[in-house]
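The next block holds one structure in the form of structure tokens; read it before the comments.
The values are calculated or read from the model by the stated rules, or taken from the named source; none is laboratory data. The shown structure was predicted, so the numbers you read here are calculated from the model rather than taken from an experiment. Glycine also receives a Cβ, built like all others from the backbone with ideal geometry; neighbour counts cover every protein chain displayed.
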Amino acid sequence: MFNLTEDERKVILFLIVMALIGIGANFFIKRYSHIKALAFFSQDIGKVDLNKADKELLMSVSGIGPKLAQRIIDYRKQNFGFKDKEELRNIKGISESKYTQIKDAFIVN
């Protein structure tokens, strides 16, 4: 019925494979598009919220002991919460090097 050369068969096979890959990719994108949204939020998982953490949770961060944890809580109460984690620099006992050490452990919500 069809007298195709070997090269023509290869081209047709290639086009069919590419079409199937495209259909599969389209299905995957539509089916799992919500994963992109989850990946955006997952970067904050495991970080301590400065506006919600109690003393024990603050002390779980390497470099923060009981006195510094209490100062963070006192600062939070006096200033009606943290607006940005850079406010940690205003707390006695948090030097620039200490801030650099601990800043990635926190978020502010």
Residues of the stretch 60-109 being β-branched (Val, Ile, Thr) and touching a helix residue (DSSP H, G or I) at 6+ places or on another chain (Cβ under 9 Å), in sequence order, are Val61, Ile64, Ile72, Ile73, Ile91, Ile94, Ile102, Ile107, Val108
Those residues of the stretch 32-77 which are among the hydroxyl-bearing types (Ser, Thr, Tyr) and at pLDDT 95 or above, in sequence order
Tyr75
Regarding the stretch 82-95, can at least one residue be identified that is of a type in the set (Val, Ile, Thr), outside any loop (DSSP other than H, G, I, E, B) and at pLDDT 95 or above?
no
Test result for Lys98, in contact with a Gly (Cβ under 7 Å, 6 or more places away or on another chain) and either surrounded by fewer than 17 Cβ atoms within 10 Å (Cβ to Cβ) or in a loop (DSSP other than H, G, I, E, B) (or both):
yes
Out of all the residues in the stretch 58-81, which are closer than 14 Å to Ile102 by Cβ, out of contact with any Asp or Glu (no Cβ under 9 Å at 6 or more places or on another chain) and part of a helix (DSSP H, G or I)?
Leu58, Met59, Leu68, Arg71, Ile72
